[in-house]
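Coordinate-derived values only; no laboratory data. Note that the structure is a prediction, hence the values are computed from the model and not measured. For neighbour counting, all protein chains shown are included, and Cβ atoms are generated from backbone atoms with ideal geometry for every residue, glycine included.
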Amino acid sequence: MTTTPAQAGWRFKQPSVIPGFGLTLGFSLVYLTLIILIPLAGLVWRSASLGWVDFWRIVTADRTLKALEISFGTALIAALINVVFGTIVAWVLVRYKFPGRRVVDAMVDLPFALPTAVAGIALTTLYAPNGWLGSLLMPLGIKVAYTPLGIIVALVFVSLPFVVRTVEPIIEEIDKEVEEAAATLGASRFQTITRVLFPGLAPAIITGFALAFARGVGEYGSVIFIAGNLPKVTEIAPLLIVIRLEEFNYPAATAIAAVMLAISFAMLLVINLLQTWSRKRYG
Amino acid sequence: MADPEIKSYEPVHENLSAAVTESRSARTVLMTIAFVFLGIFLLLPLVIVFKEAFAKGVGAYFASLNDHDTLSAIHLTLLVAVIAVPLNVVFGIAAAWAIAKFEFKGKAFLTTLIDLPFSVSPVISGLVYVLLFGAQAVLGPWLKSHGIEILFAVPGIVLATVFVTFPFVARELIPLMQEQGNGDEEAALSLGANGWQVFRYVTLPNIKWGLLYGVLLCNARAMGEFGAVSVVSGHIRGMTNTMPLHVEILYNEYNAVGAFAVASLLAGLALVTLILKTILEMRYGAELAATRGH
Amino acid sequence: MEVRVANVRKEFDRFPALRDVSLDIRSGELIALLGPSGSGKTTLLRLIAGLERPTTGKIFFGDEDASSKTIQERNVGFVFQHYALFRHMTVADNIGFGLKVRPGATRPSKEEIRGRASELLNLVQLSGLEKRYPAQLSGGQRQRVALARAMAIEPKVLLLDEPFGALDAQVRRELRRWLRDIHDTTGHTTVFVTHDQEEALELADRVVVMSQGQIEQIGTADEVYDTPNSPFVFGFIGESSSLPVRIADGQVWIADRPIGLSAPNHPAGDALLYFRPHDIELLDGCSGCIAGTVVASRRVAGTRRVELEIGGERQRVEIELPVDHIATQKSRIAFRPSRWKLFPVKAPAN
């Protein structure tokens with residue numbers, strides 16, 4: 001338990017007539033502690049007990065660094081791709097009326113609902129040299145499956161909804177009068193979008209980007225089928241953790257996980273700060 | 001309850017004036033880009049699942065599903081969801097009640113902690129339990145001497161699934177209940193209702209669609225989770241294989257029809273989830289407004 | 001049921017929303033809590049209801065100390081500003097809710113609850129709408145359902161938070177009269193919060209004027225309008241004009257001239273003179289009067305408002321004249337307040 005009961009002077013909770021505070025908060029904290037905090041603390045404790053020298057040796061091993069580089073690099077590229085296309089998709093879905101708009105809108109959530117393993121084998125089949133898309137790209141000399149490009153494709157799929165879903169509601173909220181005002185002041189449509197609307201969308205786009213990036217870094221299921229998993233070329237960090245586990249090399253698995261966790265938390269912090277900042281600024 | 005009128009969910013952009021729309025050609029270009037992008041990345045993967053599943057005909061499809069290991073994987077997946085989802089529902093309601101109905105120190109921090117599993121790689125979500133319960137871990141030997149199996153058994157799979165689906169219900173309900181405020185609850189209290197009655201007759205009906213929405217997403221993830229479960233399951237065929245893990249095994253054995261047949265069931269689940277979700281959003285969009293956009 | 005608020009103080013996060021408020025409400029009385037937003041009137045109402053707990057002080061229902069009672073035990077009927085109708089329940093279910101949630105022994109049967117709901121709907125003139133949902137009602141109808149729901153539990157006290165705040169002007173006026181009728185029929189001790197002085201003065205037996213967490217004045221409509229006891233009440237209720245003046249020799253002076261008002265009991269020194277724009281008499285010559293230059297003249301309903309600039313300091317005041325009064329043609333007007341009050345320049349720190 002991390003809380004203390006209400007004390008005189010320093011008030012933990014504002015008084016309220018609504019019942020059930022102790023019960024619900026108590027249960028939430030116990031459950032959170034058992035399911036999330038203790039296991040995560042176990043990971044931190046285990047990696048701390050490795051000692052700096054061992055920890056540093058594992059983390060800076062060539063194969064580890066390459067795996068981290070591949071995970072973060074491909075996630076970054078995939079998130080950037082989704083920023084561009086996700087914003088366009090969100091704009092089209094909110095602003096244009098076309099038959100089946102609702103179906104398309106619903107489909108955007110498919111990557112949230114479709115198990116990653118299913119996505120993985122489907123994408124691999126599509127982009128394999130004899131697959132529908134792979135056979136089209138082959139003559140152009142582009143290989144997707146079993147290359148870093150394949151990892152990016154898988155990550156674009158799994159993180160596709162983030163940008164669309166964070167940007168969509170903001171576009172919906174845009175006050176039509178703001179655009180009309182810009183138009184009456186002589187701005188062209190392009191100027192209105194880039195100078196007036198886009199700055200307002202930027203916080204949402206950045207948030208969507210951060211969420212997509214965070215998701216991509218940790219992704220496992222959809223990637224391992226299409227990546228080929230060649231060490232130092234297409235081996236992602238989560239896969240390396242699994243490999244180390246299967247070798248019963250627990251210290252190495254723990255150390256890599258700790259590094260990934262630290263970076264993920266730093267990103268979570270940034271996301272929260274961004275959201276607070278944009279809420280303060282744009283209400 | 002600022003405006004109890006049930007609003008249509010459809011965003012109102014039908015009457016955009018000339019000043020606020022793009023030219024016809026710009027619109028065509030943007031729509032083409034959007035459709036091609038979504039077509040390649042969303043539609044094709046979905047189509048290929050069913051195409052491959054039925055590649056050798058309907059007979060082969062059903063034959064591959066009617067396999068002992070496949071059936072036991074389906075059974076295990078359902079079992080895990082039936083345990084994990086209700087647990088997170090109870091937690092989600094409790095956490096949302098505490099966070100949305102009260103002001104207390106550290107509330108923002110607690111909200112952040114609840115979202116934590118979303119930013120943890122699924123593989124790490126599984127790993128933490130391996131470190132906790134594994135043979136070399138603190139609890140490992142003790143558990144072994146008492147004959148309690150957690151890792152490479154159903155309890156471990158359930159725990160890992162609970163971990164990854166932990167935030168789903170809570171994060172649907174928190175904004176919803178915050179938006180609804182305490183007015184209805186105060187009214188019920190002033191009319192003499194006790195705590196349970198307030199929840200049962202007033203709060204629950206107000207949040208039921210949001211709750212269902214959260215359950216839907218939680219369930220989809222619980223049934224489809226791969227990474228976390230893969231680490232703790234041990235991949236024992238017919239014993240600790242969930243459907244997504246079974247897909248992997250079949251695929252690695254070059255049994256494409258088998259793998260895609262099981263995958264088609266999961267894809268079907270995903271489609272049903274999306275359809276129900278869309279219906280909820282259309283019907284109860286105004287009530288769910290707070291939770292849209294995840 | 002009498003309600004007594006005794007020396008209540010309420011802080012939110014150390015910020016005092018109410019400071020030492022005491023108030024006696026007589027049984028069967030209709031009381032208005034009137035004040036600008038942030039004056040603490042809603043806080044006081046919620047304290048009486050038990051929706052908030054006082055930081056210090058007590059609240060008595062009759063002779064009983066209600067401070068320690070939970071909201072359920074207090075048995076108050078509370079009508080919320082936005083009604084807080086349960087939108088998933090029909091009108092009849094909303095009204096019957098308070099009876100339905102009673103413990104088994106005291107819970108009326110389903111038929112009785114239904115009967116009571118119809119009775120109350122009849123009282124609030126909405127018979128036949130039992131099966132409707134809140135979303136299918138107009139604002140005024142929702143208001144009435146909220147009131148019927150609050151009355152269904154046979155409350156000791158009826159509390160209404162800005163009962164007409166969300167309605168348009170026409171409906172407001174109608175419902176105001178209707179609430180007065182209901183109150184006269186049922187005889188509930190009733191307290192309502194409003195920021196609309198017209199509403200408070202027209203409806204309430206007594207008006208409690210509040211400002212900055214304190215009660216400024218308690219009195220009937222006539223009392224608070226005719227004899228405001230502070231500059232705040234003067235300014236908040238009705239129209240008022242004020243001028244800085246000086247008291248000397250028991251006379252009121254502006255600059256170096258007496259204006260013909262005697263204030264024998266007022267201490268000498270600077271003061272503020274308050275009067276209502278219509279409480280004036282026009283004078284011809286000016287020996288012992290206030291004279292000013294007309295700077296603006298506006299037609300307001302049945303009268304004409306004239307804005308005057310007074311003296312070297314160019315203080316502006318407003319007076320009210322009959323529309324076609326001869327004085328409205330002039331560029332200088334001399335007058336003297338017929339009903340007025342002096343206040344010290346600095347409001348006493350209380």
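Observations on the model:
- Ranking of B:Glu186, C:Glu281, B:Glu172, B:Glu22 by count of other Cβ atoms within 10 Å, fewest first: C:Glu281, B:Glu22, B:Glu186, B:Glu172
- For the stretch B:121-253, the spread of Cα positions along the three principal axes, ordered from largest to smallest, is 61, 37, 24 Å.
- Separation of the stretch B:136-184 and the stretch C:188-257, taken as the distance between their Cα centroids, equals 62 angstrom.
- Gain upon complete extension [B:His68, B:Leu43; 0.36 nm per residue less C-alpha separation]: 5.9 nm
- Mean-position separation - Cα centroids, the stretch A:72-102 and the stretch C:146-181, in angstrom: 51 Å
- Directionally averaged shadow of the stretch B:26-80, computed from the convex hull of its alpha-carbon atoms, nm²: 5.8 nm²
- At an R0 of 30 angstrom, the distance between the Cβ atoms of B:Leu204 and C:Gln125 translates into a FRET efficiency of 0.40.
- Long hydrophobic helices in chain A, taken as whole DSSP H segments with a C-alpha length of 20 Å or more on their own axis and mean Kyte-Doolittle hydropathy at least -1.0: A:62-95, A:160-173, A:198-218, A:250-282.
- For the stretch C:1-79 versus the stretch A:213-283, the gap between their alpha-carbon centres in whole angstrom: 55 Å
- Mean Kyte hydropathy of 0.0 or more with a Cα span along the axis of at least 30 Å, helices from DSSP in chain B: B:68-101, B:256-288
- Dipole of the stretch C:61-158 computed with +1 at Lys/Arg Cβ and -1 at Asp/Glu Cβ about the Cα centre; of C:Phe78, C:Pro103, C:Ala146, farthest Cα towards the positive end is C:Ala146.
- For C:Pro337, the shell of other residues with beta-carbons less than 14 Å away shows a net charge of -2, using +1 for Lys and Arg and -1 for Asp and Glu.
- q = 0.10 Å⁻¹: log10 I(q)/I(0) that the Debye formula gives for chain C, counting C-alpha atoms only: -0.73
- Contact order for the stretch C:3-235, expressed relative to its length and based on alpha carbon pairs under 8 Å spaced 6+ residues apart, stands at 29 percent.
- Helical mean residue ellipticity (222 nm; -39500 (n - 2.57) per DSSP H run of 4+; nearest 500) of chain C: -7500 deg cm²/dmol
- Principal axis extents of the C-alpha atoms in the protein assembly as shown (largest first, rounded to whole Å): 112, 73, 64.
- Angle in degrees between helix C:110-123 and the longest Cα principal axis of chain C, rounded to the nearest 10: 20 degrees
- Likely footprinting exposure, A:Trp52, B:Trp142, B:Trp209, fewest C-beta neighbours within 10 Å first: A:Trp52, B:Trp142, B:Trp209
- Size of charge dipole - the stretch C:239-344 - debye, nearest 20, with Cβ of Lys, Arg +1 and Asp, Glu -1, no other charges: 220 debye
- For the stretch A:52-282, the fraction of C-alpha pairs more than 30 angstrom apart is 36%.
- Treating r as the C-beta distance of B:Arg27 and B:Val272 and R0 as 35 Å, the FRET efficiency rounds to 0.60.
- Normalised by 2.2 N^0.38 Å, where N counts its residues, the alpha-carbon radius of gyration of the stretch C:137-285 equals 1.42.
- The aspartates and glutamates whose alpha-carbon is closer than 16 Å to the alpha-carbon of A:Lys13, local same-chain residues fewer than 8 away aside, are B:Glu103, C:Glu11, C:Asp13, C:Glu52.
- Given charges at beta-carbon only (K, R positive; D, E negative), |dipole| of the stretch C:230-299 in Debye: 240 debye
- Pairs from A:Lys280/B:Lys105; B:Lys208/C:Lys10; A:Lys143/B:Lys51; B:Lys208/C:Lys100; A:Lys97/A:Lys143; B:Lys107/C:Lys69 whose Cα-Cα separation, in the structure shown, is over 26 Å: B:Lys208/C:Lys10; A:Lys97/A:Lys143; B:Lys107/C:Lys69
- This model, with +1 at the C-beta of Lys and Arg and -1 at the C-beta of Asp and Glu, gives chain B a dipole about its Cα centre of some 280 debye.
- Share of pairwise Cα-Cα distances greater than 19 Å in the stretch C:145-198 is 23 percent (whole percent).
- Zone of B:Lys51's modelled label, taken as backbone nitrogen in the stretch A:104-130 under 14 Å from a point 7 Å along Cα→Cβ: A:122-130
- Label zone at C:Asp205, where the point sits 7 Å out along the Cα-to-Cβ direction: the stretch C:142-162 residues whose backbone N lies under 18 Å: C:155-160
- For the stretch C:239-344, the Kirkwood estimate of the hydrodynamic radius, built from every pair of different alpha carbons, is 13.9 Å.
- Expressed in Å, the radius of gyration and Dmax of the Cα atoms of chain B are 23.1, 76.
- Listed by Cβ neighbour count within 10 Å, with the fewest neighbours leading, B:Met282, C:Met1, B:Met223 appear as B:Met282, C:Met1, B:Met223.
- Per-residue [θ]222 nm for chain B (sum of -39500 (n - 2.57) over DSSP H runs n ≥ 4, rounded to 500): -22000 deg cm²/dmol
- Whole-angstrom Cα spans of the stretch A:215-283 along principal axes, big to small: 50, 28, 18
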